[in-house]
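Derivation of every value follows stated rules applied to the coordinates shown; laboratory data play no part. Since we're looking at a predicted model, the values are computed, not measured. A quick note on method: Cβ atoms are made from the backbone with ideal geometry, for glycine too, and the neighbour counts reach across all protein chains shown.
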């Protein structure tokens, strides 16, 4: 437990020290929001919903996919001696989930500065964002690890990441459509259950598979 | 001992599927009724076009319009023009109490051929002015024969293409089995570290992708002729395409890693992960969203009314047959990959 | 005259082969085949036609395509194996 905590702290320290990573992300986000607001001007509820998740997808992929790249070369061997792979994976996943959740909140805040947000049920929306962040975190962490095995990891991560993330993204769009007052048929509880089931499945798999990828 | 018999069994089953699936006739059906909407009242005339019907063979036909179980009406008179065409005149009674301003009625003709011909929502009835001598009678008055002869059910838009169930749909099921086998081999590789299992996983994934692509293209042909468009962004179509993308990414991943052992390990891990994401992709998400495919958005699922007992006789063997054929091809691919690997490790080939 | 024709045919054959040697063009031609057949079928959607044929041609097309797909895969495998055998014989 303390190991996990210290690993998360280490990740945060690195991110904080390398200012360009975080500020680059922030700048990327602001630019995207700006382009969207300027080119759309008037945004209706459904469009806002889709735009929000597309923004989240791009920003999330950018944020997570590079986080594993530091874990190569000398440092990787050092870690292999020190840490149990499961601990490392859990700390990475937790860190990425928090990062994604914060990014999602930031996107929301930025968007609502420029455009009036159509969200009606704030608690539900927050829950949706949290649930999707968890799924994205688990998926993207594993994808970035797999992609890092290959030489051209950045391109590969995008290629293998998009299709895997798609079901989660579709469920997310559906769920937040509920929170802006659009009915998509069915109950939002069912979507939460599905996301939760996907989370459990993928988390279990990545915990089981990561040790195989970790050893060299 | 190497078992060979299942290959021939697979071919035999496919031949059976082909013969049985193509030769068993379709039950009788109704293609079109004109006019498709009318007012209630006496002397309403309809013209009916049938499919696989033999109207002129029977002395007495029962032409019935049905609103619900308690409200049916028999045609006053009918005139057979040909085996596939007849005219019927109804005295339509006023719509029953509590009905909406217009109601859809089902047209039933029996005997029509080898059974009963039914067209759901054939005519929309509106309240008319004239009095009518007819009266609604309950359905129990008519003895619609439960069809005993061997035939596949007639569905209006599908018609003969209902036989595609044994090819297009069975291919998808076979693909799931083949890809499942690929995942099992990946698990075995991770457990044992023997390269053979990884080569097998690779071979099965290749064949799985092949069958998946066939599933998509055959589906497009079927869709072009039933839904009017080859690609209508139906959720199941989209998800199937995404599933193919996931597995294509598997091959991209494999080809981008040089080291044999590392490639096998990473490939196996991704293969297991990919198969796990395939399940929500193909079976959970499409059920949430409206779809033209059966089994979602309130449509009946496979095993509902779309698949009757005669069809089951062909459909289940068809799945087994396609799976066995796919397994055969995958075994051949595996043997090729194995020899290629051996030759490469001895520097016998530049491939 | 006959010789010319033979030469011309051989030329055609070689051109065809080299065209099919390029993987991309092979994929493209398959895609074009699929789409062109779709266009043709999509056009003839009149009710009379359906009443006569009952869309049986859809089933025939689906069967032909699924067997063709598997056969093409096998042909490709065969070709790859022949290449391998050639390497084996050379060394």
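Determine the calculated [θ] at 222 nm for chain B from helices alone, applying -39500 (n - 2.57) to every DSSP H run no shorter than 4 residues and normalising by the residue count; nearest 500 deg cm²/dmol.
Dividing the helical sum by the residues of chain B leaves -16000 deg cm²/dmol.
Cα axis of helix A:85-114 to longest principal axis of chain A: angle in degrees, 0 to 90, nearest 10?
30
Suppose R0 equals 30 Å. What FRET efficiency, 1/(1 + (r/R0)^6) with r the Cβ-Cβ distance, do residue A:54 and residue A:87 give to the nearest 0.05?
0.30
Tell me whether the protein assembly as shown comes out rounded, prolate or oblate; compute the Cα gyration tensor, take square roots of the eigenvalues as a ≥ b ≥ c, and use a/c under 1.5 as the rounded threshold.
oblate
Per residue of B:45-54, what is the mean number of Cβ atoms on other protein chains within 10 angstrom of that residue's Cβ?
That average works out to 1.
In which sequence would B:200, B:126 go, from the one with the fewest C-beta neighbours within 10 Å to the one with the most?
Ordered by Cβ neighbours within 10 Å, fewest first: B:126, B:200.
For a footprinting-style exposure proxy, rank A:129, A:173 by other Cβ within 10 Å, fewest first.
A:173, A:129
Before rounding to the nearest 500, sum -39500 (n - 2.57) across all DSSP H runs of length at least 4 in chain A and divide by the residue total; then give [θ] at 222 nm in deg cm²/dmol.
Mean residue ellipticity at 222 nm (helix-derived): -29000 deg cm²/dmol.
Based only on other Cβ atoms within 10 Å, what is the fewest-to-most ordering of B:239, B:183?
Ranking B:239, B:183 by Cβ neighbours within 10 Å, fewest first, gives B:183, B:239.
Please report the antiparallel percentage of the DSSP beta bridges confined to the protein assembly as shown, to the nearest 5.
Looking only at bridges with both residues in the protein assembly as shown, the antiparallel portion is about 90 percent.
Applying a 10 Å radius around every beta-carbon, put B:215-224, B:158-167 in order of their mean neighbour count, most first.
Descending packing order for the listed peptides: B:158-167, B:215-224.
In whole angstrom, how far apart do the alpha carbon centroids of the stretch B:213-249 and the stretch A:139-204 sit?
21
Compute the long axis of helix A:45-65 from its Cα atoms, compare it with the longest principal axis of the Cα atoms of chain A, and write down the angle in degrees, 0 to 90, nearest 10.
10
Classify the stretch B:1-96 from the C-alpha gyration tensor, please: rounded if a/c falls under 1.5, else prolate or oblate depending on whether a/b exceeds b/c.
Details: a/c = 4.37, a/b = 2.87, b/c = 1.52.
In terms of gyration-tensor shape, prolate.
Where does helix B:5-23 land angle-wise versus the long Cα axis of chain B, in degrees 0 to 90, nearest 10?
20
Go through B:78-84, B:343-349 and give me the packing order, highest mean Cβ count within 10 Å leading.
The densest-packed peptide leads the list: B:78-84, B:343-349.
I'd like the FRET efficiency for residue A:30 and residue B:229, computed as 1/(1 + (r/R0)^6) with the beta carbon distance as r and R0 of 25 Å, rounded to 0.05. Show your work: numbers first, answer last.
On the way: r = 41 Å, r/R0 = 1.63.
E(calc), rounded to 0.05, equals 0.05.
How far, in nm, would the chain grow between residue B:39 and residue B:60 when pulled straight, counting 0.36 nm per residue and subtracting the alpha carbon separation?
Working: separation 21, 0.36 × 21 = 7.56 nm, distance 2.66 nm.
Contour length minus Cα-Cα distance gives 4.9 nm.
Give the peptides A:47-56, A:23-32, B:58-67, B:202-211 in descending order of average Cβ contacts within 10 Å, highest first.
The packing order, highest mean first, is B:202-211, A:47-56, B:58-67, A:23-32.
Residue by residue through B:269-279, how many Cβ atoms from other chains fall within 10 Å of the Cβ on average?
Taking the mean over all residues of the peptide, I get 6.
May I ask for the distance between the Cα centers of the stretch C:63-84 and the stretch B:80-129, given as a whole number of Å?
Using only Cα atoms, the two centres lie 52 Å from each other.
Inverting the mean 1/r over all pairs of different Cα atoms, compute the Kirkwood radius of the stretch A:84-208 and quote it in Å.
Here the Kirkwood hydrodynamic radius works out to 15.6 Å.
Calculate the all-directions average of the projected area of chain A's alpha-carbon convex hull, and give it in nm².
Value for chain A: 12.4 nm².
Across peptide A:167-175, how many C-beta atoms of other chains are within 10 Å of each residue C-beta, on average?
Per residue, the number of nearby Cβ atoms from other chains is 3 on average.
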